[in-house]
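Presented below is the structure to which this report refers.
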Amino acid sequence: MELSKYSIGVGDRFAHQGVAQLRAIMKANQSGLEISPVWNKSNREHMYVHTHPADVRREADTAVATLGYKGKYFVDADHINLSTVAPFTETADFFTLDVASFIGKPSSEADMETFIDSCEKYIGELSIPGIEKPLHVTKELLKSIASKFLAATQQASEIYKYLVENKGAGNFITEVSMDEVESPQTPVDMLFILKMLADKGVPAQTIAPKFTGRFNKGVDYRGDLDQFALEFEEDVLVIDFAVKEFGLPKELKLSVHSGSDKFSIYPIMADIIKKYDKGLHLKTAGTTWLEEVIGLSVAGGEALELAKKIYANSYNRKDELCAPYADVIDIDETLLPSVEEVNSWTSEKYANTLRHIPEHPDYNSNFRQLIHVAYKVAAEMGDTYTSMLEKYSEIIGNCVEENIYERHLKRLFSL
Ligand SMILES: [Zn+2]
């Protein structure tokens, strides 16, 4: 099973927007591109929303049948590990092996030595085609990379083996993710991580490193854009080298776990993948849930009331809701509107405050980030929430489609 060159991960917390998301992708594909949708959902999301991996498969299949979509599509067991993979095994065909928590765990002396010895030929000045300065590889550097990543890649190979036993080799896509950590992996880290994966027989088709800068939930990238561009370009070149040198799958590409809406790095990535004619996988998740709330506010009346109730509950429980996401949000509480204030808002004011158009005078990134992490509030409303999604599905679906097409795909693929 092979992923196509371009793919986009579309998260959908409440599993109601599959058709709208696919409409956006099909619209982009009309320009001759072949972007494959990948419906991704993590174990954590399933737990909060009380959904099952089979629901995502059903949603994807239904969307594809409804629109008569003929291209490839996938269902991603996002951020799974050995203890959470089992319920996803049957219905997913894309597995994101999250081994971040194994970074820095010890490996045996013998394993360390075997790895370092196998890298003998790279010690010295290592030229990677396209990268101006050769990489300076020393034994000490290899030791430090192995002590950080050998156990993590070993873990990836164990999850991969489990999947081969339970699904059969070749029947699923393998992604390896290390993005949910504090310190970014450098291109030289990436090179040797890929060697470890190749040595262990993990045929990764996508790799998700932690990039430099902040990837806060639902808002734009914060960091040095030039530094990001340099790192992203070097990663692309390192992957190209690693594919040839270590015999990894030729379609191996970067996966960017965006935390949604990293608009300022989209054109940078677009330029680089175009320059080298490379593929890309981009995961988005909460951006669709936010469009649901925007759609409800636009619908007005009882739907606007519900959107206000979601904010009130989010505001009153902000500490609890923000805690699991503390590392990936930056909310200035003094800039959050009061519940009374929001209760007085019109449809327009609510939607403009939440919608991700940073130059709009009403846009408030603090408000947006809080709602982003507050999908648990809507999940607890159960039918009250989902019945409104159904009742106002046209307005909401239009918001979802417009968001994915206009703000994401157009920027990412220079449409
Ligand atoms: Zn991630």
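FYI, it's all coordinate maths here, none of it is from the lab. Note that the structure is a prediction, hence the values are computed from the model and not measured. As a convention, Cβ positions derive from the backbone with ideal geometry for all residues, glycine included, and neighbour counts pool all protein chains shown.
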>> For a quick check, take a GNM of the chain with Cα springs below 10 Å and name the residue from LYS139, LYS70, LYS262 with the largest mean-square fluctuation.
In response: LYS70
> Taking a label point 7 Å from the Cα of ASN171 along the Cα→Cβ vector, which residues of the stretch 38-82 have an amide N closer than 18 Å to it?
Replying inline: 53-54, 57-58, 73-77
>> Taking 0.36 nm per residue of sequence separation and subtracting the Cα-Cα distance, how much length would be gained by fully extending the chain between SER144 and MET47, in nm to one decimal?
In response: 31.3 nm
>> From the phi angles alone, apply the Karplus equation (6.51, -1.76, 1.60; θ = phi - 60°) to the stretch 212-221 and give each ³J(HN,Hα) in whole Hz, x where the residue is Gly or Pro.
In response: 5, x, 9, 10, 5, 5, x, 10, 5, 4
>> Going by amide H atoms built from the backbone, whose H comes under 5 Å of the H on VAL10, apart from near neighbours?
In response: VAL38, TRP39, ASN40, THR284
> All other residues with a Cβ under 10 Å from the Cβ of ASP98 taken together, and with Lys, Arg as +1 and Asp, Glu as -1, what is their net charge?
Replying inline: -4
>> On a full-extension model of 0.36 nm per residue, what is the gain between THR66 and LYS391, subtracting their alpha-carbon distance, rounded to one decimal in nm?
In response: 115.1 nm
>> What value in Å³ per residue do you get for the convex hull of the alpha-carbon atoms in the stretch 99-199?
In response: 124 Å³
>> Could you give the length gained by full extension between GLU305 and GLU2, i.e. 0.36 nm per residue of separation minus their alpha carbon distance, to one decimal place?
In response: 104.5 nm
> the stretch 76-131: which GluC sites (Glu not before Pro) are DSSP loop and have at most 12 other beta-carbon atoms within 10 angstrom?
Replying inline: GLU90
> At a Förster radius of 22 Å, what calculated FRET efficiency corresponds to the Cβ-Cβ distance of SER183 and ILE131, to the nearest 0.05?
Replying inline: 0.55
> In the chain, which helices (entire DSSP H runs) extend 15 Å or more along their own long axis, judged by Cα positions, while averaging at least 1.0 on the Kyte-Doolittle scale?
Replying inline: 187-199
> Once the principal axes of the Cα atoms of the chain are found, what is the range along each, listed largest first in whole angstroms?
Replying inline: 68, 44, 41
> Between ARG214 and residues 5 or more places away or on another chain, which pairs have amide H atoms under 5 Å apart, with H built 1.01 Å from N, and which residues are they?
Replying inline: ARG222, GLY223
> In the calculated pair distance distribution of the stretch 290-399, what percentage of Cα-Cα distances lie above 19 Å?
Replying inline: 40 percent
> So for the pair ARG222, ALA110, with labels modelled 7 Å out along Cα→Cβ, what separation do we get in nm?
Replying inline: 4.8 nm
> For the residue pair LYS200 and LYS274, what label-to-label distance in nm results when each label sits 7 Å from Cα along the Cα-to-beta-carbon direction?
Replying inline: 3.7 nm
